[in-house]
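Here's the structure we're looking at; comments come further down.
The values are calculated or read from the model by the stated rules, or taken from the named source; none is laboratory data. Note that the coordinates shown come from a computational prediction; the quantities given were computed from them, not determined experimentally. Here the Cβ positions follow ideal geometry from the backbone for every residue, glycine too, while neighbour counts run over all protein chains shown.
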Amino acid sequence: MPGIVLVGAQWGDEGKGKVTDLLAERADAVVRFQGGNNAGHTIVRGRQTYKLHLIPSGILHKDTLCVIGNGVVIDPRVLTDELDELRRRRVDTRLLRISANAHLIMPYHMMLDHAGEAKLGKLQIGTTRRGIGPCYADKAARLGIRVQDLLDEKILKKKIVAALEPKRLSLRPFAKDPRLDLQTITEEYLTYGHRLASYIADTVRLVHERLDAGETVVFEGAQGALLDIDHGTYPFVTSSNPVAGAACVGAGVGPKDIDEVWGVIKAYSTRVGAGPFPTELDGELADEIRERGGEYGTTTGRPRRVGWLDLVALRYAARINSLTALAVMKLDVLSGLDRLCVCTRYRSTGPDGAEFEHFPYHQTVLHHATGEYVQLEGWSEDLTECREESELPAAARDYLRFMAEFVGVPVALIGVGPGRDQVIWSGRTGANWLAAAAA
Ligand code: GDP
Ligand code: IMO
Ligand code: MG
């Protein structure tokens, strides 16, 4: 199984960092293929917690090649800070490689992100304000500045001049802001170029060399399917494609290089930022799950919105990603709830009360959809010490079985705590990985 894509199958923050770190144990390379430092991927190892935004979650394995692919947008200040922090913690970063074709987040992208949200007022998307949208917009407009441009002062300056002009117009109140000064930006970015030069590479070739040698490559997604710019809850989405197909474009491989696609999910749902969320909870129950699950953003610290497991959305995510397995994280968080609701269809809150079995394609319909639920029995036992499926309470096993059967995708991995050992490998796919990791 040389090429495995790992994607978020909900609204992000499913636990991708933890699962990537686990799979990286037997992988030869980990490649991030989209998004930027809007992502926050957490790895907990013993008493150490690592929060990664740009560097692939395989970095704690010193022999694993870690690639920031061409599809990622890179804020070089964040990247150099992240490298410094890892080095301070004695993490070996020598096998990090950065695609020369990846686009750079510039100071004006962040300013535009802030200004855009301010202008939208009540209608704002609730972006992470990291400049992600404006950077991808410049990439599409062919005004982007790429990592390779950092290595040539003349070209860098020329490209900044071309990109800066339209920004000065749209950021008129800031036209004299020193952050928009050509010389200042050029100097700052050249400094990043010097710092990052040894990591910049032809990453497409590097990844293909690994695949050609039959080695295992994990493609690590950021965000989640419902935040996809094409398939998510537009316009309340991010500006890239977090679905599995984007691994090909964002890393430079073909569909035939992908053998498996794992969807990482939480045993319930969360969402940060604005936008429709049909199974959203409020009140005490939401607060309880938020506190128990530590549902506060890794990147922005914002409290995450919390809801029941949404199988309508998950079945949709399974389809658009061609999921071959599910990694169900945070099952432990649900202990102690008498009854668990799982959403199996939507109902419109409008006068017609229409029912939907499939994820609605029309924004208006989705904004007026609420979940219709099947109630399943809860369990009171603490799951955090369980390491075999047979140790789980029967109700927890039934919960997993219900979701796997509904979605038609088997469960390969179950998370029962934040620690890297707090997992249960499940089914044939899980057993294969466990055996391979032990070998
Ligand atoms: P990512 O963006 O998908 O990598 O997820 P985040 O790191 O933003 O958020 C997931 C959070 O859940 C992190 O704080 C993880 O340490 C934590 N976590 C991951 N798996 C589990 C699990 O099985 N149980 C519990 N209780 N926490 C988990
Ligand atoms: P990881 O990889 C959860 C959300 C933002 C906002 C929308 C657009 O940790 O799962 P953007 O800054 O991308 O333009 O914001 O997308 N968002 C995330 N939500 N997890 C993430 O990443 C996210 N990255 C962006 O909250 O609603
Ligand atoms: Mg996250």
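Being modelled with pLDDT of 95 or more, part of a loop (DSSP other than H, G, I, E, B) and within 17 Å of the chain's Cα centre (by Cα) is a property that holds for GLY71. For the range 199-231, enumerate the residues that are surrounded by 24 or more Cβ atoms within 10 Å (Cβ to Cβ) and over 22 Å from GLU25 (Cα atoms). Result: GLN223, GLY224, ALA225, LEU226, LEU227, ASP228. Checked against (1) outside the structural domain of ILE185 (by TED's automatic domain parsing); (2) assigned to a helix (DSSP H, G or I), HIS109 passes all but condition (1). For the range 274-298, how many residues are more than 10 Å from ligand 1 (Cβ to nearest atom), surrounded by fewer than 20 Cβ atoms within 10 Å (Cβ to Cβ) and not in a loop (DSSP other than H, G, I, E, B)? Residues flagged as more than 10 Å from ligand 1 (Cβ to nearest atom), surrounded by fewer than 20 Cβ atoms within 10 Å (Cβ to Cβ) and not in a loop (DSSP other than H, G, I, E, B) within the range 274-298 amount to 9. Pairs linking a residue in the range 5-21 that is over 20 Å from ARG315 (Cβ atoms) and in contact (Cβ under 8 Å) with a residue 24 or more places away in the chain to a residue that is part of a loop (DSSP other than H, G, I, E, B) and within 11 Å of ligand 3 (Cβ to nearest atom), with Cβ atoms under 6 Å and 6 or more positions apart or on different chains, are GLY17/SER57; THR20/SER57; ASP21/SER57. What do you reckon, is GLY293 modelled with pLDDT of 95 or more, within 16 Å of ligand 2 (Cβ to nearest atom), in contact with a Phe, Trp or Tyr (Cβ under 9 Å, 6 or more places away or on another chain) and not aromatic (Phe, Trp, Tyr)? The answer is yes for GLY293. For the range 9-68, filtered to residues that are of a type in the set (Gly, Ala, Ser), within 22 Å of LEU79 (Cβ to Cβ) and within 14 Å of ligand 2 (Cβ to nearest atom), the residue that is surrounded by the fewest Cβ atoms within 10 Å (Cβ to Cβ) is GLY40. Under the condition of being crowded, with 18+ Cβ neighbours inside 10 Å and either of a type in the set (S, T, N, Q) or outside any helix (DSSP H, G or I) (or both), the residues counted in the range 247-273 number 17.
Scanning the range 175-225 for residues that are in a helix (DSSP H, G or I) and of a type in the set (Lys, Arg) returns ARG179, ARG195, ARG205, ARG210. Going through (1) touching a Ser or Thr at 6+ places or on another chain (Cβ under 7 Å); (2) farther than 30 Å from PRO2 by Cα; (3) within 16 Å of ligand 2 (Cβ to nearest atom) one by one, TYR192 falls short only on (3).
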